[in-house]
Amino acid sequence: QGKNQDLINNIKQKKEKINKIKRFEEETKQIPSRCFIVDFSRSCLPIGLFDRLICLLVAYSSTCYKDSRTPIVANGIVLMSFGMDLFRLDEDIHHSRIIVTVGNEGDHQLILKVVESMIGKLKDDVMGSLLKYCVLIVVWKDGGKKCSLVDVDKAREAVNSTKKVDKIWDNSKSIVKTSEFDKLWIISQTTEEYQQVIQLLPNGKLNHV
């Protein structure tokens, strides 16, 4: 009976692993290249947070960049820019995440850092420590056939480490080479400092939805 139970447990574990792989493939098959994800699955994506984020980003864009395009807003989708750096935001309520896709010629690091800053401000306003999230950069491998999600904090730690780190684990415990994402998302390609998002907006602008 003990051997039979061990066999049953092994079969269950294998099924769970297969199901996890299937869920991951299902969740990532619609993710475009050159994007990052703000993942709220550890808590939830609060109602109205996406709209408030868009308000902050649009205000930042119009305040800091004179040549930004007029935002195009649809239900849960926004196309906008910081100057000539075009990007799109999608609210994925089903998976409790926001997907940010950057144009091929866009400044990926600028958009990533500004969105991170805005989400941090909203966290303090909305739920504080109760709001759990992480930012994941998307790395496509094998000619776009496989998708890896890498925690941006772990990515920065690896790339900026004094020790040479060539590989790290992604969220599904697969190995990803740092060379597959470092130049696009981590290593600054410009000497200009990113503008800080601190008290840029008029009073009352932080809380409208």
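The values are calculated or read from the model by the stated rules, or taken from the named source; none is laboratory data. Quick caveat, the model's predicted, so the values are computed rather than measured. Methodologically, a virtual Cβ is constructed for each residue, glycine included, from the backbone with ideal geometry; neighbour enumeration extends over all protein chains shown. Just the protein is used for accessible areas: all its heavy atoms, side chains included, with ligands, DNA and RNA removed. Shrake-Rupley method; radii C 1.70, N 1.55, O 1.52, S 1.80 Å.
Observations, loosely collected:
- Residues (among the hydroxyl-bearing types (Ser, Thr, Tyr), without any contact (Cβ under 8 Å) to a residue 40 or more places away in the chain and part of a loop (DSSP other than H, G, I, E, B)) located in region 151-179: SER161, THR162, SER174
- Of the residues making up region 57-66, those that are open to solvent by 60 Å² or more (accessible area, probe 1.4 Å) and either at positive phi or among the hydroxyl-bearing types (Ser, Thr, Tyr) (or both) are SER62, THR63.
- Selection count, region 67-84, where residues are touching a Ser or Thr at 6+ places or on another chain (Cβ under 9 Å), open to solvent by 30 Å² or more (accessible area, probe 1.4 Å) and either closer than 17 Å to ILE186 by Cα or assigned to a strand (DSSP E or B) (or both): 0
- Apart from one condition, SER129 fits all of (1) of a type in the set (Gly, Ala, Ser); (2) at pLDDT 90 or above; (3) open to solvent by 60 Å² or more (accessible area, probe 1.4 Å); the exception is (2).
- Leading residue by the ranking (surrounded by the most Cβ atoms within 10 Å (Cβ to Cβ)) among those in region 132-182 that are farther than 17 Å from PHE40 by Cα and among the aromatic types (Phe, Trp, Tyr): PHE181
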